[in-house]
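Participant: Before we start, here is the structure in question, set down as structure tokens.
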Amino acid sequence: MIVAIDGTAASGKSTMAHQVAEVSGFVFMDSGVMYRAVAFGFLKYHIESTERGAAAYLPKMNLRVNCIQSRTKVYVDEEDVSSRLHTSRITEMSSRIAMLKGVREFLLEVQHEIGDRFDEDPGVVAVGRDIGTVVFPDAEWKFFVTASPEVRARRRLAELSQTGIETSFQEVCDAIIERDRQDSQRVIAPLKKASDAIVINTDDLTPDEQAAVVLEYILER
Ligand code: C5P
């Protein structure tokens, strides 16, 4: 079974998917982490964020994605970079390279491989922007997660301050709105609700309550 969870930046979808994976035993495929890992590689080797840059770098990029139970680990040049991908520089770069056809095709292949391997056993919870529309359009379950920009900014600010990054509410809020704009307006695989997705607004829900909504749907079957 594939459970597709898409949504806006910092809407809580990754935390939700992580918890759903823990309870269901499905593997957790976080496609955002994959885009961030590619951005990390572009920055590491000073690759231009253009189709030409992508065509030159990606065939030799050494990217390994390991979906182990409720975590997605990514390795660039065999180094585990999973915990180094949430800086504002990588966040910005990931949205920029996510517009490139070459990058999306490259990652689509990786994502389909994971789907093929785990779809039947134990199942996959996949999270991103285009999972229900492009990556797994036939997923058994599709959810689209939203929350107001203010709530998302507050949550992201709390996460950042835990990791010692000091920034202002307004700065975080503006960055979130800008990323949504870029993700929704790009030509290829834009952020968009699949017509058959169930919408979950997380404004008034705790992480446990968010996961419970999804689990209630998928475990009833
Ligand atoms: O989900 P996360 O915020 O980690 O994703 C980082 C960026 O990667 C997003 O802003 C988006 O531009 C891109 N992305 C995408 N398609 C996905 C997942 C992420 O374009 N399926």
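The values are calculated or read from the model by the stated rules, or taken from the named source; none is laboratory data. This is a predicted model, so every value here is computed, not measured. FYI the Cβ positions are ideal-geometry reconstructions off the backbone, even for glycines, and counts take in every protein chain you see.
Participant: Name the residue that is farthest from the ligand (Cβ to nearest atom), counting only residues in the stretch 15-31 that are within 21 Å of R104 (Cβ to Cβ) and in contact with a helix residue (DSSP H, G or I) (Cβ under 7 Å, 6 or more places away or on another chain).
Facilitator: The qualifying residue farthest from the ligand (Cβ to nearest atom) is F28.
Participant: With D174, D208, D204, D196 as the choices, which residue is closer than 13 Å to A9 by Cα, of a type outside the set (V, I, T) and away from the ligand (no atom under 14 Å from the Cβ)?
Facilitator: None of the other options fit; the residue is D174.
Participant: Hey, another quick one. Of (1) farther than 30 Å from D116 by Cβ; (2) out of contact with any Cys (no Cβ under 7 Å at 6 or more places or on another chain); (3) in a helix (DSSP H, G or I), A153 satisfies all except one. Which?
Facilitator: (2)
Participant: Same structure, new question: Which count do you get for residues in the stretch 175-198 that are of a type in the set (D, E, K, R), at pLDDT 95 or above and not in a loop (DSSP other than H, G, I, E, B)?
Facilitator: 0
Participant: All but one of (1) in a loop (DSSP other than H, G, I, E, B); (2) free of Cβ contacts under 8 Å to residues at least 12 places away in the same chain; (3) closer than 28 Å to V134 by Cα hold for E166; state the number of the condition that does not hold.
Facilitator: E166 satisfies all of (1) in a loop (DSSP other than H, G, I, E, B); (2) free of Cβ contacts under 8 Å to residues at least 12 places away in the same chain; (3) closer than 28 Å to V134 by Cα except (3).
Participant: I need a count of the residues in the stretch 148-164 that are among the acidic types (D, E) and either exposed (fewer than 13 other Cβ atoms within 10 Å of the Cβ) or in contact with a Lys or Arg (Cβ under 9 Å, 6 or more places away or on another chain) (or both).
Facilitator: The qualifying residues number 1.
Participant: Taking the stretch 62-118 on its own, how many of its residues are among the β-branched types (V, I, T), more than 13 Å from the ligand (Cβ to nearest atom) and out of contact with any helix residue (DSSP H, G or I) (no Cβ under 8 Å at 6 or more places or on another chain)?
Facilitator: 1
Participant: Scan the stretch 37-60 and give yes if some residue there is more than 30 Å from D208 (Cα to Cα) and near the ligand (Cβ under 10 Å from one of its atoms), otherwise no.
Facilitator: Yes: the stretch 37-60 contains one or more residues that are more than 30 Å from D208 (Cα to Cα) and near the ligand (Cβ under 10 Å from one of its atoms).
Participant: Within the stretch 1-14, can you find the residues that are near the ligand (Cβ under 9 Å from one of its atoms) and not hydroxyl-bearing (S, T, Y)?
Facilitator: Within the stretch 1-14, D6, G7, A9, A10, K13 meet the criteria.
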